[in-house]
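A short write-up of the structure that comes next.
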Amino acid sequence: MDFPLILNISMFLTLLILSSPILLPLLSKNYQNSPTTIMRTVKTSFMASLIPMILSIYSNMENTTFYWEWKFITNFKIPFSLKMDQYSLMFFPIALFVTWSILQFAVWYMASEPYTTKFSLFLLIFLIAMLILIIANNMFLLFIGWEGVGIMSFLLIGWWHGRAEANTAALQAVLYNRIGDIGLILCMAWLASSMNTWEIQQHSSTNQTPLLPLMGLILAATGKSAQFGLHPWLPAAMEGPTPVSALLHSSTMVVAGIFLLIRTHHMLCNNQIALTTCLCMGALSTLFAATCALTQNDIKKIIAFSTSSQLGLMMVTIGLNLPQLAFLHISTHAFFKAMLFLCSGSIIHSLNGEQDLRKMGGLQKLLPTTTSCLTIGNLALMGTPFLAGFYSKDLIIENLNMSYLNTWALLLTLIATSFTATYSLRMALLVQTNYTRIPSITPINENNPAITNPITRLALGSIMAGLLITSYIPPTKTPPMTMPLATKTTAIIITTLGIILALELSKLTHTLTTPKQNVALNFSNTLGYFNPLMHRLSSTKLLNNGQNIASHLIDLSWYKKMGPEGLATLQLKASKISTTLHTGLIKTYLGSFALSILTIILFTQN
Amino acid sequence: MTFLHLSFYSAFTLSSLGLAFHRMHLISALLCLESMMLSMYIALSMWPIQTQMTSSTLMPILMLAFSACEAGAGLAILVASTRTHGSDQLHNLNLLQC
């Protein structure tokens with residue numbers, strides 16, 4: 001059996017099946033796309049992508065295929081080459097599985113929209129761009145995929161473009177991603193000028209890479225993966241429809257930044273400053289996002305902040321020099337996060353567009369399948385033993401505890417883990433339990449298999465994926481095996497503490513205490529005051545300074561302060577002070593002047 | 001040459017004494033100030049002739065320019081104080097002071 005040939009052909013087949021809804025209408029005039037056909041295309045592509053994954057697991061093989069070369073200038077060639085290593089071959093089936101479920105859900109969710117085919121096509125184009133990014137072997141193809149996912153994110157967030165907030169959110173996403181792109185282009189320029197190639201495997205991994213391109217890469221990851229500093233676009237991106245949030249902003253697009261750092265890991269691993277930057281920024285983002293999620297009232301925003309927090313955790317793992325573990329967390333996170341978003345979409349449509357947690361309750365008996373899967377998703381997110389999240393999250397926390405690193409980063413990550421448990425439990429309790437707060441007549445109906453099948457499929461994935469992936473992919477770095485009992489059970493202990501905290505706080509809601517505002521509540525609810533500070537304050541200050549320097553400075557300084565008026569005010573001030581001292585006895589002054597001159601002349605004559 | 005020195009020393013001294021001991025009008029003090037300037041001008045013009053140093057011929061012209069400014073400032077003060085006090089007589093400059 002010629003394994004490389006079968007690997008290449010099956011990968012090519014996957015990509016061909018995936019791009020068929022775009023290519024076939026160009027070839028024949030009678031072919032019409034519909035959301036169902038696009039969903040079936042992605043399902044077939046998923047089945048086809050299982051072949052290369054199983055082959056690579058069986059034979060432990062990696063492959064790089066080289067199709068065509070763009071002879072740009074004599075010395076600098078850009079080949080069109082695809083890298084099929086464990087990361088890309090593992091990510092393909094996961095991404096396709098999640099997209100298949102989301103497209104099936106979107107058939108029901110967007111059924112009353114006028115342009116559902118265009119929506120499914122946009123999701124498909126997004127998926128193709130993301131897969132180009134994953135499978136790229138050089139920075140040029142990766143950049144094509146990077147920009148592609150950015151553009152599709154803009155188009156999909158602003159899907160309901162009649163709504164002003166959706167347009168603002170889409171623009172915000174593009175602007176923040178652009179700031180990250182500067183870093184990526186900086187790194188590409190440095191690579192082109194000093195290593196004369198954009199191929200990822202030709203970069204030497206033994207030398208010390210200077211700090212500049214690594215900072216560019218970290219900036220790119222900060223922009224795309226919503227780390228602290230460039231994070232506001234991710235909660236604002238919840239303006240898009242729920243399938244968009246499930247695909248882009250939970251599983252696929254936001255992990256592109258982390259994936260870039262995984263791909264270029266050999267450049268990062270020797271530079272301790274870059275690794276420490278990743279570690280501290282990841283720790284800060286995970287804690288900040290978890291703090292903001294504690295007091296949000298919109299169910300989609302809580303899940304968005306949860307995504308942001310998990311992205312910070314992935315960044316921490318990169319900072320620990322463990323790219324394979326970060327990839328494991330990406331894979332398991334995709335399943336339960338997409339499922340959480342789909343459950344929230346089902347709840348939102350069932351309650352006729354209600355997204356506020358304070359108006360839901362007691363839905364466990366009304367929407368049994370959805371709420372059961374919501375519970376499974378929340379438990380997986382918290383890191384419950386032996387569900388999917390456990391295999392990646394617990395390993396990360398064990399490695400954090402047993403590494404030689406910044407204690408502050410460790411503390412922040414542990415606090416964020418307990419907050420994860422708190423807000424997940426808060427969401428689950430407010431949605432499912434206690435007396436219901438929904439209006440009397442709601443179109444609650446989950447009997448449609450288009451709702452239940454994707455959600456249960458993803459629930460199966462959230463339970464099994466961690467076990468399956470860790471059983472078949474051996475780790476490249478030795479994980480710590482022996483540690484004290486307290487260190488081994490740290491993750492579970494702090495998660496339990498978070499759960500106890502949430503249960504205690506939920507008891508307060510039974511006792512009819514009036515909510516008081518305090519500093520911590522305001523800080524958490526307004527997202528740390530970051531949005532008004534950065535968006536309003538910095539732009540008004542900048543524009544004010546610009547106006548001052550450009551138009552006011554010349555007139556004000558030359559005419560008023562330094563010119564005639566300034567001189568006049570100076571003299572006026574001096575004469576006002578000394579006017580009380582003058583007595584006006586002119587004759588006496590002049591007489592004493594003459595007398596003293598005479599005396600001096602007489603004294604100096606010898 | 002000593003006669004020349006005597007003449008402008010005495011012109012200068014008489015003008016300064018006139019500046020110090022004038023009686024009635026402020027403008028007579030300003031006039032004596034002008035005559036001091038005049039005598040200094042003549043003295044400065046004598047200097048390059050006596051020391052045969054033609055590069056300092058510029059000096060009296062400079063002094064003349066500054067004395068013109070000073071005369072202008074003095075006249076402005078005169079006009080301003082006359083406008084407020086009514087006349088330029090000296091004894092009513094501090095008449096209304098407590």
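Here, each number is a calculation from the coordinates, and none is a lab measurement. Please read all numbers here as calculations on a predicted model, not as lab measurements. Cβ coordinates were reconstructed from backbone atoms using ideal geometry, including for glycine residues, and neighbour counts include every protein chain displayed.
Between 0 and 90 degrees, rounded to the nearest ten: what's the tilt of helix A:407-432 against the longest Cα principal axis of chain A?
Value to nearest ten degrees: 60.
Measure nothing but the geometry: give the 0 to 90° angle between the long axis through the Cα atoms of A:323-350 and the longest principal axis through the Cα atoms of chain A, rounded to 10°.
Approximately 80 degrees, to the nearest 10.
Could you sort A:26-39, A:418-431 so that the peptide with the highest average Cβ count within 10 Å comes first and the rest follow in order?
A:418-431, A:26-39
Extension gain A:Tyr58-A:Tyr31, at 0.36 nm per residue separation less the Cα-Cα distance, in nm?
Extending this stretch completely gives an extra 5.8 nm.
Please report the projected area of the range A:514-562's Cα convex hull averaged over all directions, in nm².
5.4 nm²
When we measure straight from the Cα of A:Lys561, which lysines land under 28 angstrom away, once same-chain ones fewer than 8 places off are left out?
The reachable lysines, counting only those whose Cα sits under 28 Å from A:Lys561, are A:Lys541, A:Lys573, A:Lys576.
Quick one: grab the alpha carbon gyration tensor of the range A:90-185, order the square roots of its eigenvalues as a ≥ b ≥ c, and give me rounded if a/c is under 1.5, else prolate or oblate depending on whether a/b is larger than b/c.
Oblate is the answer for the range A:90-185, as a/c is 1.5 or above yet b/c matches or exceeds a/b.
Fewest first, what order do A:Arg536, A:Arg457, A:Arg40 take by the number of other Cβ atoms within 10 Å?
Ranking A:Arg536, A:Arg457, A:Arg40 by Cβ neighbours within 10 Å, fewest first, gives A:Arg536, A:Arg40, A:Arg457.
Report, in listed order, any pair from A:Lys43/A:Lys301; A:Lys224/A:Lys337; A:Lys43/A:Lys224 with a Cα-Cα distance greater than 20 Å.
Check vs 20 Å cut-off fails for A:Lys43/A:Lys301; A:Lys43/A:Lys224.
Using alpha carbons only, how many angstrom separate the centre of the range A:545-606 from the centre of the range B:15-73?
Cα centroid to Cα centroid, the span is 23 Å.
Taking the simple approach of a point 7 Å from Cα along Cα-to-Cβ for both B:Leu31 and A:Asn8, what is their distance in nm?
Calculated label separation equals 11.7 nm.
Just check the range A:1-78 against the gyration tensor rule for me: Cα atoms, a ≥ b ≥ c as the square roots of the eigenvalues, rounded for a/c under 1.5, and otherwise prolate or oblate depending on whether a/b exceeds b/c.
Judged from the Cα gyration tensor, the range A:1-78 comes out oblate (a/c at least 1.5, b/c at or above a/b).
Sequence neighbours fewer than 8 away in the same chain don't count; with that in mind, list the lysines whose C-alpha is under 21 Å from A:Lys29.
A:Lys118
Kindly put A:Ile73, A:Ile549, A:Ile179 in sequence by how many other C-beta atoms sit within 10 Å of each C-beta, fewest to most.
A:Ile73, A:Ile549, A:Ile179
Amide H of A:Met84: which non-local residues (sequence gap of 5 or more, or other chain) have their own amide H closer than 5 Å, using H built in the peptide plane?
A:Asn63, A:Thr64, A:Thr65
Rounded to the nearest Å, what's the spacing between the alpha carbon centres of the range A:471-531 and the range A:47-65? Just the number, please.
The range A:471-531 and the range A:47-65 have Cα centres spaced 38 Å from each other.
With viscosity set to 0.890 mPa s and temperature to 25 °C, compute the Stokes-Einstein D of chain A, Rh being the Kirkwood radius across alpha carbon pairs; µm²/s, no decimals.
Translational D for this selection: 91 µm²/s.
Could you work out the mean count of beta carbons from other protein chains within 10 Å of each residue's beta carbon in B:21-33?
Counting Cβ atoms of other protein chains within 10 Å of each residue's Cβ and averaging gives 1.
Got a sec? Charge dipole of the protein assembly as shown, +1 on Cβ for Lys and Arg, -1 for Asp and Glu; which of A:Met360, A:Gln571, B:Thr82 is way out at the positive end?
So the residue we want is A:Met360.
In peptide A:296-309, what is the residue-averaged number of other protein chain Cβ atoms found within 10 Å of each Cβ?
Going residue by residue through A:296-309 and averaging, the value is 0.
Report the full-extension gain for the segment A:Cys269 to A:Thr513: residue separation times 0.36 nm, less the Cα-Cα distance, to one decimal in nm.
The A:Cys269-A:Thr513 span can extend by a further 82.6 nm.
Any idea what the relative contact order of chain A is, in percent, if you count C-alpha pairs under 8 Å spaced at least 6 apart?
Taking the mean separation of contacting Cα pairs over the length of chain A, I get 11 percent.
Search the structure for amide H atoms under 5 Å from the amide H of A:Thr433, placed 1.01 Å from N in the peptide plane, and list their residues when 5 or more places away or on another chain.
Under 5 Å from the amide H of A:Thr433 lie the amide H atoms of A:Gly362, A:Leu363, each far enough along the sequence or on another chain.
Using per-residue counts of other Cβ atoms within 10 Å, averaged over each peptide, order A:232-245, A:358-371 from highest down.
Going from most to least packed, we get A:232-245, A:358-371.
What is the average number of partner chain Cβ atoms found within 10 Å of a Cβ in A:593-601?
2
Taking Cα atoms, how many degrees apart are the long axis of helix A:164-194 and the longest axis of chain A, rounded to 10 and kept between 0 and 90?
The answer is roughly 90 degrees.
Using the Kirkwood formula on the Cα atoms of the range A:423-565, what hydrodynamic radius do you get, in angstrom to one decimal?
So the Kirkwood estimate lands at 23.3 Å.
For the range A:23-148, what is the relative contact order in percent, using Cα pairs closer than 8 Å and at least 6 residues apart in sequence?
After rounding, I find 27 percent.
Enumerate the lysines that A:Lys507 could reach by cross-link, defined here as Cα to Cα under 19 Å, with residues fewer than 8 away along the same chain left out.
Counting by Cα, and skipping residues close in sequence, A:Lys507 has these lysines nearby: A:Lys359, A:Lys516.
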